[in-house]
Amino acid sequence: CIDFIVLYYATGLLGATAVPINIRYRRSELRYLVRHSRMSVLVTSDMIRDHVDLLGLVDASFDDFAGSARDEPLRLADAPDLRHVVLCGGRTPLPALRLDDVLAAGATAPRAFGSFTEAAGPDDVLMVLYTSGTTASPKGCEIPQHAVTENWTHWAEALHLREGERIWVPCPFFHIAGIGPMVGATIAGATAISASHFDADIAIAQIEREQPAHLFPAFPPLTFGILRHPRYDRERFAFLRTLHNVAPPETERVVQALLPAGAALLNNFGMTESAGCVTYTRPELPVDVRTDTTGPALPGMEVRIADVDTCAELPRGERGELQFRGPNTFRAYLYDPVATAATIIDGGWIRTGDLAEMDDDGNVAYIGRIKEMMKVGGENVAPIEVEAHLSTHPAVQLVQVVGRDDERYGEVPVAFVELVAGAHATAEELIAHCRGQLASFKVPREVRFVTEWPMSATKIQKRVLREQLHAEPS
């Protein structure tokens, strides 16, 4: 909502630190984040109460919240640093302050606006953005002001985002793929278009009405929600110049084929720790570079492929861990020096935990998460390779592949598949689609059909899928 954008910039001008909160968090996760970040003010909303009762979640997370006095600072046992909860929206809150009342009180404050701009410098921490926490408690990435502004300035320049243009940004503002494009659009003098939540029907109507030159869905669940929607018509989307999606090459080729003539599919590698994009495929690059790689490093940033064990740099064309450094890097994991030292190594290089290779032109091809690699009968298998091939089947909307323990092979691949609305395919048909196209040890031993995915923010939680398999009797 617009309140988030206003508060985000106001916090930066003040020299304070913003801590965006994933609205998928529930009680234990919210308690952890509020306590760990030592948050002093929590701002929430009742604008999407039909979907998520956020103030009710705050109430349920802190036993002594409801009994607190509205006009006094909070004194919560589980969040000793939290002084106030502020609510955006029209509901009369519990012991929370209404944002309208806070703004009215601020209008009479004696401090002049100009003095706020002197409070914060480019090296100050603008926000603490927590990682999704798919394997452990979320880690808070301390991101300086300059990391966000420089990163997304370079992104806007590489995109050729023009003043007055519009860009559709459906990713949530608690994710760097939502915050970043919004910042980049502001810097470029463009207009970011978003909504309180993603609904494909509403999104199609919004895009046709606003006619943005660029779409930034970033992830396949949002991208295919538009491009495989029954009302999508590429001729009516002729205003489109680019669409940004992160996926394996086979999936990217499917996306490019669905776009209007002349529209360019763009790709990148990025993460929370990089404050956005590390590499980027510019619109003018050849189509095979834009579908098969994540492009070269953005200006001012360096990337290298390093040996997973020694971190020694590898020659071009060899596969290893993708590492980066530059003005876009996060400063540290909040209150976690051990994790920080394991990630930020000598020379300021950031370990990503991702497997990749680089060609002679500096374009980076993403292989997959190092920890997600499967060992099938002694052979290494990258799940993303199997997912990429299955995604070429016309009935497949989304697919995720994880390893299941196996007495004979050690581990075998299992595919979780969501079908295109109205399409039909059997497990046997999808397995047959892989035979003869992939090595036999890469072919899924089982296909499970799903209609809903366990999500973190914008990504599917493979950990939960693996846990489902391991919880079953062998």
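The values are calculated or read from the model by the stated rules, or taken from the named source; none is laboratory data. As the structure is a prediction and not an experimental result, all values here were calculated from the model. Backbone-built Cβ (ideal geometry, glycine too); neighbour counts: all protein chains shown. Heavy atoms of the whole protein, side chains included, go into the accessibility calculation; ligands, DNA and RNA do not. Shrake-Rupley method; radii C 1.70, N 1.55, O 1.52, S 1.80 Å.
Quick look at the values:
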| quantity | calculated |
| --- | --- |
| 0 to 90° range, to nearest 10: angle between helix 145-159 axis and the chain longest Cα axis | 50 |
| Carbon + sulfur, % of accessible area of the range 1-129 - ligands and nucleic acids excluded, 1.4 Å | 53 |
| Whether the range 1-66 is rounded, prolate or oblate, judged on the alpha carbon gyration tensor where a/c under 1.5 counts as rounded | oblate |
| Heavy-atom accessible area order for V254, V183, V338, largest first, 1.4 Å probe | V338, V254, V183 |
| Under-5 Å amide H pairs with T191, H placed in peptide plane, nonlocal only | G164, E165, R166, I167 |
| In order through the range 260-273: 3J(HN,Hα) via Karplus (6.51 cos²θ - 1.76 cosθ + 1.60), integer Hz, x for Gly, Pro | x, 4, x, 7, 9, 7, 10, 9, 7, 10, x, 7, 4, 5 |
| Portion, in percent, of the accessible area of the range 194-301 that falls on carbon or sulfur, probe 1.4 Å | 55 |
| Viscosity 0.890 mPa s, 25 °C: Kirkwood-radius Stokes-Einstein D of the range 147-244 over Cα pairs, µm²/s | 182 |
| Area of D361 that stays accessible when all protein chains are in place (1.4 Å probe, Å², to 10) | 130 |
| For V86, distant residues with modelled amide H under 5 Å away | L42, V43, T44, L97 |
| Modelled label reach - Q211, point 7 Å along Cα→Cβ, the range 223-260 residues with backbone N closer than 14 Å | 235-241 |
| Virtual spin-label span in nm between T310 and T191, 7 Å along Cα→Cβ | 5.6 |
| Gain upon complete extension [R231, A261; 0.36 nm per residue less C-alpha separation] | 9.0 nm |
| Karplus-derived HN-Hα couplings along the range 185-192 (A = 6.51, B = -1.76, C = 1.60, θ = phi - 60°), whole Hz, x at Gly and Pro | 5, 4, 4, 7, x, 9, 10, 8 |
| Protein-only accessible surface order, largest first, of H433, H470, H424 at 1.4 Å | H424, H470, H433 |
| Rounded, prolate or oblate (a/c below 1.5 giving rounded, otherwise prolate when a/b exceeds b/c) for the range 322-471 by Cα gyration tensor | prolate |
| Rounded to the nearest 10 Å², the accessible area of L159 at probe 1.4 Å | 0 |
| Hydrodynamic radius by Kirkwood, which averages 1/r over all alpha carbon pairs of the chain, in angstrom | 23.9 |
| 222 nm mean residue ellipticity, helices alone, for the chain (DSSP H n ≥ 4; -39,500 (n - 2.57); rounded to 500) | -8500 deg cm²/dmol |
| Probe 1.4 Å, accessible area per residue of the chain, Å² | 46 |
| Order by protection proxy (mean Cβ within 10 Å, highest first), peptides 412-418, 104-110 | 412-418, 104-110 |
| Extended-chain gain in nm, criterion 0.36 nm per residue less alpha-carbon gap, R49 and R75 | 6.8 nm |
| Whole-Å semi-axes of the ellipsoid equivalent to the range 313-405 (Cα gyration tensor, √5λ, descending) | 29, 18, 14 |
| The range 351-412: radius of gyration over Cα atoms, expressed as a fraction of 2.2 N^0.38 Å | 1.31 |
| Estimated inter-spin distance, R83 and Q437, nm [label 7 Å along Cα→Cβ] | 6.0 |
| Of all DSSP beta bridges in the chain, antiparallel share, percent nearest 5 | 65 |
| Whole-Å distance, taken between Cα centres, linking the range 442-472 and the range 283-359 | 27 |
| Amide H within-cut-off set for M455, under 5 Å, with H built and near neighbours excluded | Q461 |
| Table column - 3J(HN,Hα) (Hz), the range 354-360, Karplus curve with 6.51, -1.76, 1.60, x for Gly and Pro | 10, 8, 7, 9, 10, 8, 5 |
| Cα-centred dipole magnitude for the chain, charges only on beta-carbon of K, R (+1) and D, E (-1), debye, nearest 20 | 580 |
| In Å², nearest 10: area of V399 left accessible to a 1.4 Å probe | 10 |
| Kirkwood hydrodynamic radius over Cα pairs of the range 263-353, then Stokes diffusion coefficient at 4 °C and 1.567 mPa s, in µm²/s | 92 |
